[in-house]
Structures are given as structure tokens and as C-alpha cells.
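Asker: Okay, here's the structure, questions in a sec.
The numbers here are math on the coordinates, done by the rules we state, and not lab data. Keep in mind that this is a model prediction, so the values were computed, not measured. A quick note on method: Cβ atoms are made from the backbone with ideal geometry, for glycine too, and the neighbour counts reach across all protein chains shown.
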Amino acid sequence: MNISVSYEHVNLLLILLGLAAVIHFLVLRTRRKRVLYFSNYVLLERILGRKILHNNYPALALRMMIVILLVLAISDFKVALSLDTTSFDYVLAVDTSPSMSMNFRNITGITLEFLDSLPRETRVGLVTFSKESYIRSGLSHDYSSIKKEMFNLTVGVPPGTSIGKALLTASNVLDESRKTNRTIILITDGDIEEDEAVDLNKSLDSLRAKNITVFVMGINNSEYYFDYELPPELRTEEVNESLSIYGPVLDEEMLMLIANQTNGQYYEMTGRDSMEEAFKSIILSQKQEVILDAQSYVLALAAILIFIEWALGATKFKTVP
């Protein structure tokens with residue numbers, strides 16, 4: 001757990017702590033003078049063998065703690081919590097447009113390794129997309145069925161990369177989750193189409209409202225593409241055999257925007273090794289940090305301590321008048 005706090009008000013804190021201590025002892029000194037006018041208190045101390053007039057250090061400590069908490073509340077106080085992956089549910093959103101065929105074997109193999117790395121408390125869903133998006137599996141602990149779906153996936157036609165629709169579909173799958181930490185892992189090598197821009201904006205609004213994080217794996221095929229032979233099964237009468245119509249144009253700027261807008265991260269994939277490293281960064285670490293704005297909690301704790309200090313005033317910690 002990491003704690004972050006602004007030091008903007010450190011001088012104010014020191015001044016208030018000093019004032020709290022000075023005022024406390026000045027009040028005690030004034031009251032002690034009044035008490036000493038009554039000789040019976042001195043006699044009682046001799047009989048009991050202990051001091052009746054104490055310095056009330058517990059009350060002072062409480063008051064100083066209250067001062068510290070109040071200053072923290074105005075000092076942009078935040079706490080970074082490391083959460084285990086059991087606190088997360090994931091949806092894999094995998095691009096199955098024709099241009100992905102050259103990478104699909106690697107993607108399938110690495111995704112299966114990712115599933116093997118997760119604790120059974122974590123649920124995973126699977127969404128695929130090209131021109132349209134499809135739910136292949138809702139959130140499930142049954143990783144074997146998800147692996148089977150991954151094995152059965154094939155790239156296909158029509159070509160297209162409807163990222164906006166894919167994100168919206170994946171977010172709808174995560175509506176099943178009761179966990180506060182929900183993540184989409186988007187895997188694509190394409191560029192969002194112009195007519196999909198509105199869908200993407202709506203999807204990002206929905207993701208932010210639901211507090212869903214998106215990690216984006218952008219597969220850059222540009223240096224390998226023109227040496228690649230399109231599989232025969234993807235060639236149809238409607239689709240020209242020329243590879244140019246399938247040429248992926250990776251819009252890294254747009255993919256980075258998606259990640260940044262959802263507090264995620266963008267990874268550029270150039271081969272199997274980089275894919276493995278990206279999944280390790282997202283998943284295998286088993287820990288992810290969540291920033292908690294702790295100001296309201298600090299104020300609540302300060303209020304509790306104030307009530308405790310008042311309650312102590314009715315006990316032996318009350319300064320004798």
C-alpha cells in the first residue's frame with residue numbers, strides 16, 4: 001500500500017500542532033492554580049499515594065491526531081492499494097478480421113497461457129469482432145470452455161474493425177460482474193472506421209461511467225504484411241484476392257486514447273515475445289494498483305475521534321475544575 005499526500009500544508013500542520021500543545025498546557029496550568037486553593041485535593045493525593053491532577057496526555061494525543069487528520073483532508077490525501085487479481089473480472093475482446101490471420105495462432109496460444117495463470121476466483125468472458133461484435137462466452141470460471149472457444153475461433157469476412165461496438169459488447173458482458181474492478185483486454189491490428197467514431201465515443205462514455213479499465217494490445221503488422229499470403233478459405237467471390245483490401249492500418253493514437261480514457265495502458269505488439277510481456281504486465285503480476293481518494297475517510301475518522309475526545313471528558317481524563 002502506497003500513501004500519497006501533498007506537502008502544501010505542512011507549515012499549517014506544524015503551527016496547529018504547536019498551538020494545540022501550548023493551549024493544552026496553558027489550560028492545565030490555569031486550572032491547576034484554581035484547584036490548589038482547595039487543600040482537600042492535596043490531602044487526597046497523600047492518602048491515595050498517587051496524583052489526582054494529571055496532565056491529560058491521552059486527550060492531548062487525540063486532539064493532535066484530529067488536527068493531523070483535518071490537515072490531511074485538505075492536502076489531496078490518496079492511498080494506492082495493491083489488489084490481487086481475484087478482485088478483478090476480465091473480458092477478452094479479440095479482433096477476428098481477415099488481417100489478424102497471420103497472428104492468430106500466437107494470440108490463441110498466449111491467451112491460453114493467460115487463462116492458466118489466473119486464480120479460479122477470477123471470471124473471464126470472450127468477445128470477438130470484425131464488422132460486428134459477438135459474445136462467445138459470458139463471464140465464467142470454466143476456463144476450459146473458454147479455451148475451447150478460442151481453439152474454434154477463425155478469422156473471417158467481411159473485413160472491418162468495429163472497435164466501438166466491441167467495447168460496448170464487452171462492457172455489457174461485464175455488467176454481470178459484482179466486482180468493482182473490471183477490465184477489458186482489447187486485441188486488434190486495425191484502424192477504427194470513420195463511421196464508427198460515434199460508436200466509439202458512446203462506448204468510452206459508457207466505460208467511464210461503469211469504471212471499466214481497458215488494456216489495449218495493438219498488433220503492428222506493417223513490416224510483415226506484404227509478404228503474407230492470404231489463406232484460401234478467406235477468398236470468396238465477394239472478396240478480391242488482392243491483399244491490399246485487408247491491409248491493417250494500426251491507429252496507435254486512437255488506441256492510446258482508448259487506454260488513457262479508461263485508466264488503462266497501450267501495448268504495441270511486434271511479435272510473440274512482446275505479446276507475452278504485455279500479458280505478464282497486465283495479468284501475471286497478480287497485483288494491480290487502485291488509487292483511492294481517502295479524504296472522505298479521513299474526515300470520517302476525524303469526526304469519530306472528536307466524539308471519543310468528548311466522551312473522555314466525562315471520565316477520569318476530565319481535568320478537575
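Asker: At a 10 Å Cβ-Cβ cut-off, how would you order ASP251, ASP142, fewest neighbours first?
Answerer: Result, fewest neighbours first: ASP142, ASP251.
Asker: Which cross-chain or sequence-distant (5 or more) residues have an amide H under 5 Å from the amide H of ASP189, H modelled 1.01 Å from N in plane?
Answerer: ILE219
Asker: Report the extension gain between TYR297 and TRP310 in nm, rounded to one decimal, defined as 0.36 nm multiplied by the number of residues separating them, less their alpha carbon distance.
Answerer: Gain on stretching TYR297 to TRP310: 2.7 nm.
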